[in-house]
1. List, in the order given, every pair from B:Lys29/B:Lys258; B:Lys90/B:Lys250; B:Lys93/B:Lys258; B:Lys60/B:Lys258 whose Cα-Cα distance in the structure shown is over 20 Å.
2. Any idea what the dipole of chain B comes to, in debye rounded to 20, about its Cα centre with Lys/Arg Cβ at +1 and Asp/Glu Cβ at -1?
3. In chain B, what % of DSSP beta bridges are antiparallel (nearest 5)?
4. Quick check on the exposure proxy: order B:Tyr43, B:Tyr199, A:Tyr76 from fewest to most C-beta atoms within 10 angstrom.
5. Can you give the calculated 222 nm mean residue ellipticity of the protein assembly as shown, where each DSSP H run of n ≥ 4 adds -39,500 (n - 2.57) and the sum is split over every residue, rounded to the nearest 500 deg cm²/dmol?
6. In Å and on Cα atoms, what radius of gyration and Dmax does chain A show?
7. Given R₀ = 41 Å, what would the calculated FRET efficiency be for A:Glu62 paired with B:Phe164, taking r from the Cβ atoms and rounding to 0.05?
8. Taking amide H atoms as placed 1.01 Å from N in the peptide plane, list the residues 5 or more away in sequence, or in a different chain, whose amide H sits under 5 Å from that of B:Lys93.
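What follows is calculated from the coordinates using simple rules that are stated; it is not laboratory data. Owing to the predicted nature of the structure, the values given are computational and were not obtained by experimental measurement. For neighbour counting, all protein chains shown are included, and Cβ atoms are generated from backbone atoms with ideal geometry for every residue, glycine included.
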Amino acid sequence: MTVARILVPPTAKRGELVELRIAIQHPMETGFRMDNNGKVIPKNTVHTLLCRYNGSEVFRAEMGSGIAANPYLQFYIIAQDSGNIEFSWVDDRGEKGAASSPITVTA
Amino acid sequence: MMRRFQLLLLTLASISAFAAQPFRPDPLKSGLEFSGAEVRALYQDDFSSPAMLWTTRGEKLWNEPAGTSQKSCASCHQDARTRMKGVSAKYPKVDRGTAQLTNIEGRVNQCRTQNQQAEPLRYDSDELLALTAYVGLQSRGQAVNVTIDAQNRRNFERGRDMFFTRMGQMNLACTHCHDRNFGRKLLNDTVSQGHSNPYPAYRLEWQTMGSLHRRLRACFFGVRAEMPASGSQDLLDLELFLAWRAQGLKVETPGVRK
């Protein structure tokens, strides 16, 4: 089960700078750690995170072993039209996650 | 002569009354007050607190059917936000059914096995941490409030004795660090009063959430003593003493620590 929390303001004014936040529960295994029996724990990080605003990509992050567990990101977009803000991500094991939230934009 | 003897008795009586009440730091301070500004900021903003990922998961699990009963926690307890309010602040407590001292982890697993007919969850598994953090969240801001009575006095005394007994290769007791040296530096840590009120908590060093017992094991390890197992009677008794000692401090679950 992937758990994520996103924060998208429900409303905004056109042209306004909008803060978006996302936190994903993920171990971000570096590939450098060993388990109790000395076996290397394979690298497994969320390598790509995407944010789409009404279908078009507005933000992309490429992450790796330098990012701490449970990555938390905060970034800004400019409000244009009402619609949906969708986040999606995928890790090295191919496990995917997604979360979305609507936004209403007024003139 | 007689009067002097009475005076002596009186003094002895007051000394033993004092001894019956173990030492507690005064004023009590949560570990949060000894944490750095970054850790406090992380805790105080619910969104950026990584611990909240576990409560989010706990809320989902609360509503998911499990075991052969196909009942969810919500089937019996309904809305956790009202029905679990203040519950974890009173733990650990003696369970009415088993007459054993039980902590919130044990109580949740009792409901898993007896009420859901499901497998118990492993101590410090993400699922158990999620459920206990979610139940604990419903007591956040309430004062830790356990009662010591005839039923749990033995447990309390065992926990108290452990707290004041030297152990490990370093030959230190809990009290040496957490009663006598709080506020001082140990390597790059500021020693706190060693309270249980933020657990389960997210520890940056662990890069994940952990139970109180995991934290306590780290202290046993730190003084090079044998570590009791998570969920063991030793740690349960110690947990009761810690709750008594933290009485009045506010529950911070789910906490954040360095």
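1. B:Lys93/B:Lys258; B:Lys60/B:Lys258
2. The dipole magnitude comes to about 720 debye.
3. Rounded to the nearest five, the antiparallel share is 75 percent.
4. So the ranking, lowest neighbour count to highest, is A:Tyr76, B:Tyr43, B:Tyr199.
5. -8500 deg cm²/dmol
6. Answer for chain A, Rg first and Dmax second: 16.2, 61 Å.
7. The computed FRET efficiency comes out at 0.15.
8. Sorted by chain and number, the residues that satisfy this are B:Thr102.
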